[in-house]
Amino acid sequence: MEKEKIDLFIMQNAKKLPPEQLPFIREKLALYQGDETLLVYGIDLMDPMMLLLVSIFVGGLGIDRFMIGDIGMGVLKLLTGGLFGILWIYDIVTISEKVREKNFLKLMTFLN
């Protein structure tokens with residue numbers, strides 16, 4: 001992939017990916033060539049800020065966990081009211097990092 005396209009992709013998605021992984025992502029994208037380079041822009045990455053807001057307002061119902069694909073914990077939070085508030089508070093603190101990690105894994109699955 002061309003350097004300009006890589007820089008554009010990184011600028012557009014830097015807040016959705018773990019900052020410590022950005023150099024690795026840049027290297028992987030540099031190896032990615034061919035007509036499929038435009039498909040990288042079509043990857044649907046979740047916004048950590050949006051998931052943080054979901055976690056704050058309705059996280060006690062497990063909706064945030066359902067949205068990131070963690071069905072088991074979502075059901076637990078739904079049935080116990082966020083584990084009586086404990087898991088809800090924990091998720092408010094950690095959900096942004098979890099979303100960035102899920103986005104990174106989705107991108108790496110696509111690039112491999």
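Only the coordinates and a few stated rules stand behind these numbers; no lab work does. Quick caveat: nothing in here was measured; it's all calculated off a predicted structure. Every residue, glycine among them, receives a Cβ derived from its backbone with ideal geometry; neighbour counts consider all protein chains shown.
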- prompt: Hey, with R₀ at 25 Å, roughly what FRET efficiency would residue 108 and residue 66 work out to, going by the Cβ-Cβ distance, to 0.05?
  reply: 0.65
task: For the range 20-59, just say rounded, prolate or oblate: build the C-alpha gyration tensor, square-root its eigenvalues into a ≥ b ≥ c, call rounded for a/c under 1.5, and beyond that prolate if a/b exceeds b/c, oblate if not.
output: oblate
- prompt: All other residues with a Cβ under 10 Å from the Cβ of residue 60 taken together, and with Lys, Arg as +1 and Asp, Glu as -1, what is their net charge?
  reply: -1
- request: Give, in nm to one decimal, the length gained when the segment between residue 33 and residue 101 is fully stretched (0.36 nm per residue of separation minus the Cα-Cα distance).
  value: 22.0 nm
- prompt: Tell me, in nm to one decimal, what length is gained between residue 73 and residue 41 on full extension, where the rule is 0.36 nm per residue of separation less the Cα-Cα distance?
  reply: 8.5 nm
task: May I ask you to list, by number, the DSSP H helices of the chain whose Cα span along the axis is at least 30 Å and whose average Kyte-Doolittle hydropathy reaches 0.0 or more?
output: 86-111
- prompt: Within the range 1-62, which GluC sites (Glu not before Pro) sit in a loop by DSSP and count at most 13 neighbouring Cβ atoms inside 10 Å?
  reply: 2
query: Mind checking the log10 I(q)/I(0) for the chain at q = 0.19, 0.23 Å⁻¹? Debye, one equal scatterer per Cα, no solvent, two decimals.
result: -0.89, -1.13
- request: Would you calculate the separation in nanometres between label points at residue 92 and residue 15, each defined as 7 Å from the Cα along the Cα-to-beta-carbon direction?
  value: 2.1
message: Projecting each Cα onto the charge dipole of the chain (Lys/Arg +1, Asp/Glu -1 at the beta carbon, about the Cα centre), which of 8, 73, 48 comes out farthest on the positive side?
response: 73
statement: For residue 49 and residue 8, extending 7 Å from Cα along the Cα-Cβ vector and measuring point to point gives, in nm, a value of 2.2
task: Note down the relative contact order for the range 22-112 as a percent, whole number, built from C-alpha pairs under 8 angstrom at least six residues apart.
output: 32
- prompt: How many lysine pairs does the range 3-111 hold where the Cα atoms are under 26 Å apart and the two sit 8 or more places apart or on different chains?
  reply: 26
